[in-house]
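Derivation of every value follows stated rules applied to the coordinates shown; laboratory data play no part. Predicted model, so just to flag it, every value in this text is computed and none were measured. FYI the Cβ positions are ideal-geometry reconstructions off the backbone, even for glycines, and counts take in every protein chain you see.
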C-alpha cells in the first residue's frame, strides 16, 4: 500500500542516540515512536503496534535481553521483529540474542545505514 509508513519503535535510554536514529529513520520514510526504557516499551507496545522494534541491550530498568524474552513470550508481540543494539561485541551474547528470537544484532556506535538495511531486510520500506 503506497503511502503507508512502517512504524518503528525505538527503545533506548540514551536521548541523543534516540533522536539521531529517529531523524534518520524518518528521512528514510519510516514512522518512528521513541521510548526511553524497556519497561515502558513492554507497557506501551500493544498500543503503539509497531512493525519492528530496535532496542538497546544496556538499560537501567530492564536490559534488552530480558525485554526480548518478554516480548517473545507474549503471543500478541512474539511476531514483531526486534533488532538489538549493543556496545558489547561478544559472540556468545549475539548467539544468545538470535536464539531468543532477535531479528538482528547491531553494534554501537550505530551506523544508521546498517540499521536501515537491517530494517529493510526484516520489514521492507514504506512502499512494501
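Scanning the range 6-24 for residues being within 12 Å of the chain's Cα centre (by Cα), touching a residue at least 24 places away in the same chain (Cβ under 8 Å) and under 16 Å from residue 56 (Cβ atoms) gives a total of 6.
Residue under question is residue 20, and the condition is that it be surrounded by fewer than 16 Cβ atoms within 10 Å (Cβ to Cβ) and on the phi < 0 side of the Ramachandran plot; does it hold? When the stated conditions are applied, residue 20 passes them.
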